[in-house]
Structures are given as C-alpha cells and as structure tokens.
Amino acid sequence: LPTHEEVVDTETLGRATWTFLHTLAASYPAAPSAAEAARMARFLRDFAALYPCAPCASSFRRILDRLPPDVRGGGALPAWMCAAHNAVNAELHKPLFDCATVGRRWGVCEACTASAPALAQFQSM
Ligand code: FAD
C-alpha cells in the first residue's frame, strides 16, 4: 500500500498540473503557426476531457465554454491561463491572482529547453 506521502490528492494534483499548464503557456510561441494554434486548442479540449479529477474536469469544461482559450499568440495564452486559473480560484473561494505578474511567477522553464532534441521528433507530427 502507498504511504500517506505517496497518495495523490486533489491539491497535489492541482498544484502540479497548474505548474505544467502555466509553464506550457509561457513557452507557447509569440507567433504560432496555424498548426501550433490548432494543436494547443485541441490539447486544452482533450485535457479538460481527460483531467483525472472528475468534478474538476467538468467544472473546467464549463470554464472553457465561457472563456475559450486564446491561442493567437503574442502573450495571450499566459494571460488566458491566468484568467482560467482565477475562474477556478473563484469557484474554490481562493484569492484571485494578479495576472499582471504572471510572467514573473511562471517564466519559461530554462533548463527544459536543454532537452530540445527529444522534442524535435514530435514537432513534425
Ligand atoms: P494552486 O491553485 O494550485 O496554484 C498554485 C500556484 O499558482 C499558487 O501558489 C500561485 O503561486 C499560482 N497561482 C494561483 N492562481 C494563479 C493564477 N490565476 N494564474 C497564475 N498563477 C496562479 N480543486 C477542487 O477542489 N475543485 C475543483 O473543481 C478543481 N478544479 C481544478 C481544475 C483544474 C484544471 C486544475 C488544474 C486544478 C483544479 N483544482 C480543483 C485544484 C485547485 O485549483 C488547486 O490546485 C488546489 O486546491 C491547490 O491550491 P493551492 O492554493 O495550493 O494553489
């Protein structure tokens, strides 16, 4: 049996997932191609269908309906992600985050870009 520390709860899953989602948004191109924009829009739709916390996923789908992802580039995606996270914060009665500081909180993961060769094979898919 897993020990207490190994059990994943909604909070642990949520914090890890927001780290991933904000880092993903921060590394989205400023000028995405049509294929990149379509892929991101598809990923966010699929993410909201598959997120492994059923009540969280269904509330996030409602948020996406109300606030469609902005995949046009030019810094719009980090701002959108911040607004979407704030919509979740509001539902959970948590304080809202100041989205003007989102770039400072969630910069691009510098060490991550070192493994770019592993990404190359996916970029052609
Ligand atoms: P988190 O909300 O996890 O945030 C982590 C860090 O992100 C914060 O410490 C802060 O530095 C930063 N941050 C906070 N707000 C923003 C923002 N707007 N923009 C940028 N950065 C920000 N839990 C539920 O109980 N019910 C749900 O329905 C639910 N839905 C979820 C849906 C999704 C898609 C995700 C990813 C998580 C969901 N969660 C839900 C989990 C919840 O959002 C939190 O992750 C969890 O409660 C832990 O909260 P936290 O206070 O540690 O900070």
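Each residue in the range 3-27 was checked for being modelled with pLDDT of 95 or more, more than 19 Å from Gly74 (Cβ to Cβ) and hydrophobic (A, V, I, L, M, F, W, C), and 4 pass. From the list Pro78, Pro32, the one residue that fits, being of a type outside the set (Ser, Thr, Tyr), outside any helix (DSSP H, G or I) and either in contact (Cβ under 8 Å) with a residue 40 or more places away in the chain or under 22 Å from Cys112 (Cβ atoms) (or both), is Pro32.
Against the conditions (1) within 12 Å of the ligand (Cβ to nearest atom); (2) over 20 Å from Gly107 (Cβ atoms), Leu24 satisfies every one except (2). Across the range 85-111, the qualifying residues are those that are closer than 15 Å to Ile63 by Cβ and exposed (fewer than 13 other Cβ atoms within 10 Å of the Cβ), and the one among them that is farthest from the ligand (Cβ to nearest atom) is Ala90.
Is it fair to say Pro78 is at pLDDT 95 or above, within 18 Å of Thr19 (Cα to Cα) and exposed (fewer than 11 other Cβ atoms within 10 Å of the Cβ)? For Pro78, the condition - at pLDDT 95 or above, within 18 Å of Thr19 (Cα to Cα) and exposed (fewer than 11 other Cβ atoms within 10 Å of the Cβ) - is not met. Which ones in the range 95-114 are farther than 12 Å from Leu24 by Cα and of a type in the set (A, V, I, L, M, F, W, C)? Once the filter is applied, which keeps residues that are farther than 12 Å from Leu24 by Cα and of a type in the set (A, V, I, L, M, F, W, C), the range 95-114 yields Leu96, Phe97, Cys99, Ala100, Val102, Ala111, Ala114. In the range 6-16 there is at least one residue matching the filter, namely being of a type outside the set (Asp, Glu) and more than 14 Å from the ligand (Cβ to nearest atom). Summed over the range 64-75, residues that are more than 10 Å from the ligand (Cβ to nearest atom) and in contact (Cβ under 8 Å) with a residue 12 or more places away in the chain total 8. On the basis of being in contact (Cβ under 8 Å) with a residue 40 or more places away in the chain and exposed (fewer than 12 other Cβ atoms within 10 Å of the Cβ), does Ala25 make the cut? Against the criterion (in contact (Cβ under 8 Å) with a residue 40 or more places away in the chain and exposed (fewer than 12 other Cβ atoms within 10 Å of the Cβ)), Ala25 does not qualify.
Residue count for the range 33-63 satisfying the condition of being more than 10 Å from the ligand (Cβ to nearest atom) and in contact with a Ser or Thr (Cβ under 8 Å, 6 or more places away or on another chain): 0.
The values are calculated or read from the model by the stated rules, or taken from the named source; none is laboratory data. The model shown is predicted, which means the values in this text are computed figures rather than measured ones. Please note: Cβ atoms are built from the backbone with ideal geometry, for glycine as well, and neighbour counts cover all protein chains shown.
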